[in-house]
1. How many of the residues making up segment 413-429 are in a helix (DSSP H, G or I), at pLDDT below 70 and over 26 Å from the mean Cα position of the chain (by Cα)?
2. How many of the residues in segment 572-606 are surrounded by 16 or more Cβ atoms within 10 Å (Cβ to Cβ) and among the basic types (Lys, Arg)?
3. Which members of segment 531-557 meet the condition of being within 16 Å of residue 229 (Cβ to Cβ) and surrounded by fewer than 20 Cβ atoms within 10 Å (Cβ to Cβ)?
4. Cβ-Cβ below 7 Å, separation at least six or inter-chain, first residue in segment 95-121 and surrounded by fewer than 15 Cβ atoms within 10 Å (Cβ to Cβ), second charged (D, E, K, R): which pairs?
5. So how many residues does segment 275-312 have that are of a type in the set (S, T, N, Q), modelled with pLDDT under 95 and surrounded by fewer than 24 Cβ atoms within 10 Å (Cβ to Cβ)?
6. Please work out which residue is modelled with the lowest pLDDT, limiting yourself to segment 558-567 and to residues that are under 25 Å from the mean Cα position of the chain (by Cα) and buried (at least 17 other Cβ atoms within 10 Å of the Cβ).
7. Can you tell me which condition residue 163 does not meet? The list is (1) of a type outside the set (Gly, Ala, Ser); (2) within 20 Å of residue 52 (Cβ to Cβ); (3) in contact with an Asp or Glu (Cβ under 7 Å, 6 or more places away or on another chain), and all the others hold.
8. Residues that are in contact with a helix residue (DSSP H, G or I) (Cβ under 6 Å, 6 or more places away or on another chain) and in the same structural domain as residue 35 (by TED's automatic domain parsing): which strands (runs of 3 or more DSSP E) entirely in segment 67-186 hold 3 or more of them?
Amino acid sequence: MCGITGFIDFRKTTSEEELCKMTSSISHRGPDGEGIELFNNELAQVGFGHRRLAILDLTEQGKQPMQFEHLWLCFNGEIYNFQEIKKDLTNLGHSFQGDSDTEMILHAYLQWGKSCLDRFIGMFAFVIYDTKQNQVFCTRDRAGVKPFFYYWHDGLFMFSSELKSFHEHTRFHKEIDRDAVAAFLQYGNVPTPHCIFKHCKKIKPGHSLMISLSNKSIEETKYWDVYDAYNEPKLDISYSEAKVETESLLQSAFEYRMVSDVPVGVFLSGGYDSVSVTALLQKDRTEKLKTFTIGVPDLGLNEAPYAKEIAAHLGTNHTEITCTLKDALELIEELPFNYDEPFADSSAIPTTLVSKIARQDVTVALSADAGDEIFAGYNRYDYMARYGAKLNNIPGFVRKSAAATMRVVPSEWIPILKNKYNFHNRYEKLKNVLRDPSDQNIMLSLSQQFTDDQMKRIMTSQFESLETAYSSTQMNAENRTSLAYMMAIDYQTYLVDDIMQKVDRATMSVGLEGREPFLDHRIIEYAAQLPDEFKYKDGIKKRILRDIVHQYVPQKLLDRPKMGFAIPIAKWLTTELRPMVDDFLSEKKIVEQGILNWEEVDKMKRKFYGGKKEYDTKIWYVLMFQMWYTKWM
């Protein structure tokens, strides 16, 4: 895993110094080396910058940017099945100088062109410059594990693993997209393919760009889509057969993520996802896996005792990481640098803490994300199963009449209930859902922090709602269920823009490679075709995964409420962080920026400080934006 950056400058004015600065800005992603290449093509100037975190082939043979014949490559990620592909290429007459997946990509692209992506099992973001065809090919892995930002304006195309590289180029036109600000405040992130800056975008997962130097055009192509799996007919298979096949796929995917020339560890929280990774990898190994668990007792985040029991049962070499409130608070000031696009998931703090400690012992860590999106683990799936059909069974005129009444009766007027925790948020969401209880609207309501009406009040100017994967209509009617719809949406939205972004920046901020074994595309392609009841049945979430895990870990060690990585935002914002809130959310700063409506921000603050703790996340979102703005604008 590494950091990549570079440019195509049709005006040919970019200096080598600018390329060096762009590359150095992401040095934390690759502390083991740096490489740059500058090409002066008659059509355009092309620059590649690379920061290396050496994982496979630690010799100079793995250095980048890398050349093979007329192709140059700048690559971030891992292709786990590269040895098998190398054998196929060797049989076709290819010979290799080193033993890296980087070199394999060049040969594969020469042999098969962009269809080589269909053979890759891995996480990747890479750029190939074809000096013969005068083309630059850019691509991102199927699930969006690896980030890929690009900028295209005034004859300048730039790309990078992180936005901060663009700030080092003198021709970067740094203008905030207010539509993206509104989206951030609703979701806590800027949804793909959009970006906080105008002229910037992210490559969608499973997509590629082909840039022609001859006619200055960019052509986007989709090579993979999760809906292709969801739109397949459901498998006619017994539950026991499905369990065996699912375990076999998990085992293969997990083992692939152990391929490395440096030490590998596993983040073990004690929940089903991380326990499944640990159990399946440890069961046939004599060497003990290195496992890591974080506990922050001051925050009520202490899964360490549960994880310790499970680690002892499985026989891993276990490390407990105990952090203090002070450790967590000190990280907050680092967030705007690490997350150089506004990002509001507060679990970035414990994720960064555990990454820092793990990096002392290993260079690679397996993280068990995406189990919820693949095997139906979120509470919102339970909510939809329990209440979705009931809401739709209410006659339309009754729902709409109730919503109309709620529209003219503010939540503050409701006696007794107005003092209940989170009543005002739920009141606003229920109003929207009563108007339209479709799967799409319920999903939006559960995913957004601010409603559209609230956003109209908090923004100083009009904005357009961004088109996102939340509005996708790609699922075939014959295969569509509420559960399948929600899981597919989560796979393309929350997983990509929140979880993957969080883990990538947290791990790479300390030069740690985070691998995601559940995001082997073969797993979702299979699981999407399983009947819903194999994943969710009678209130049991992640049914098939739970039953696989119970073969190796007693159920009594796992049955407890899901803890997650939530931190006590409400408490912090009214105590240790209150001076920060008062500074960044001051009238002077809000008014000077001219983006947010001071009266609405002030109203939120007063309600929050007056005891309305349900405003904690809204205040946190605004604080994260304000801190980002101060750092980067």
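The values are calculated or read from the model by the stated rules, or taken from the named source; none is laboratory data. Keep in mind it's a predicted model, so treat the numbers as computed, not measured. Cβ coordinates were reconstructed from backbone atoms using ideal geometry, including for glycine residues, and neighbour counts include every protein chain displayed.
1. 8
2. Result for segment 572-606: 2.
3. 531, 532
4. Note: pairs meeting the criteria are 97/103.
5. Count: 2.
6. Ranking the candidates gives 565 first.
7. It is condition (2) that residue 163 fails.
8. 71-79
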